[in-house]
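Undergrad: Dumping the structure here so I can ask a few things about it.
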Amino acid sequence: MMNRRTKRIGPIAIFALAAATMAAGCHASTPESNVDTAPYRALAHDPRAMSDKLFVLGEYRIGMRERALADIVFQRTPDPELKEMAKVVRDGHQAGVERLRTIAAELEVTLPTRIAPDEQASIEAIGSLPPEQLVRVFLIRQRAMHAWDIAIFADYADVVVNDSLKRYVRETMIPLRQHADQIIRLANAKGIDGGFVTVGGRS
């Protein structure tokens, strides 16, 4: 059953995933961005199970980015509650990217070896915020990211092709919802009101 603090505002299509992955691959043509978009260009030459491959590639990029941010927050925040939440997020994404590496190998997907330079710069900028701002920015960001992932994972479970990826999507829904609840409770305790909104996101 949908968490009572979670709102649904209509169905989501796989176009949302496509838009996100396309946006990630459409940086300006520079030496750095060419490295970042190479895995997406490679998919065009091997379209088998394209939607599964895009899902793995997109989620892997998100996992690398959010794991890095959570680690910076864990290292820099003096707030023990935020430090614990950052550890939960970091460890969750670490487990996720490790499973996605195995699935990517099965699908013959080339994964990026590093975070995109613009995303890395953004992570470092957030990590340099004063403690009181860091708490707010990190929790609001995590609330939004978990709303996104719950919606995408719930809807994608119906169309995934690869069996390993299907298991990963279904099994990941449980910790995603648990972490979302933890984030909402901590955010509310820190004076950040509200739950989160998902688009689609069936339970």
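The values are calculated or read from the model by the stated rules, or taken from the named source; none is laboratory data. As the structure is a computational prediction, the values presented were derived from the model and not from experiment. Every residue, glycine among them, receives a Cβ derived from its backbone with ideal geometry; neighbour counts consider all protein chains shown.
Undergrad: Given the conditions (1) over 20 Å from A49 (Cβ atoms); (2) modelled with pLDDT of 90 or more, and given that P131 satisfies all but one, which numbered condition is not satisfied?
TA: (2)
Undergrad: Could you check D155 against (1) in contact with a helix residue (DSSP H, G or I) (Cβ under 8 Å, 6 or more places away or on another chain); (2) buried (at least 19 other Cβ atoms within 10 Å of the Cβ) and say which number it fails?
TA: Among (1) in contact with a helix residue (DSSP H, G or I) (Cβ under 8 Å, 6 or more places away or on another chain); (2) buried (at least 19 other Cβ atoms within 10 Å of the Cβ), D155 violates only (1).
Conditions (1) of a type outside the set (G, A, S); (2) modelled with pLDDT of 90 or more; (3) part of a loop (DSSP other than H, G, I, E, B), marked per residue:
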residue: A144; (1), (2), (3): no, yes, no
residue: F153; (1), (2), (3): yes, yes, no
residue: Y168; (1), (2), (3): yes, yes, no
residue: T172; (1), (2), (3): yes, yes, no
residue: A187; (1), (2), (3): no, yes, no
residue: I192; (1), (2), (3): yes, no, yes
residue: G200; (1), (2), (3): no, no, yes
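Undergrad: Based on what the data block shows, is K7 at pLDDT below 95 and crowded, with 16+ Cβ neighbours inside 10 Å?
TA: no
Undergrad: What is the one condition in (1) without any contact (Cβ under 8 Å) to a residue 12 or more places away in the chain; (2) assigned to a helix (DSSP H, G or I); (3) within 28 Å of R185 (Cβ to Cβ); (4) out of contact with any Ser or Thr (no Cβ under 6 Å at 6 or more places or on another chain) that L129 does not satisfy?
TA: (2)
Undergrad: Looking only at residues that are among the small types (G, A, S) and surrounded by fewer than 16 Cβ atoms within 10 Å (Cβ to Cβ) in region 109-138, which one is nearest to the chain's Cα centre (by Cα)?
TA: Across region 109-138, the extreme among qualifying residues is S122.
Undergrad: Applying the selection to region 76-113, what residues are of a type outside the set (A, V, I, L, M, F, W, C), without any contact (Cβ under 8 Å) to a residue 40 or more places away in the chain and closer than 30 Å to P131 by Cβ?
TA: Those that are of a type outside the set (A, V, I, L, M, F, W, C), without any contact (Cβ under 8 Å) to a residue 40 or more places away in the chain and closer than 30 Å to P131 by Cβ: P80, K83, E84, K87, R90, D91, H93, Q94.
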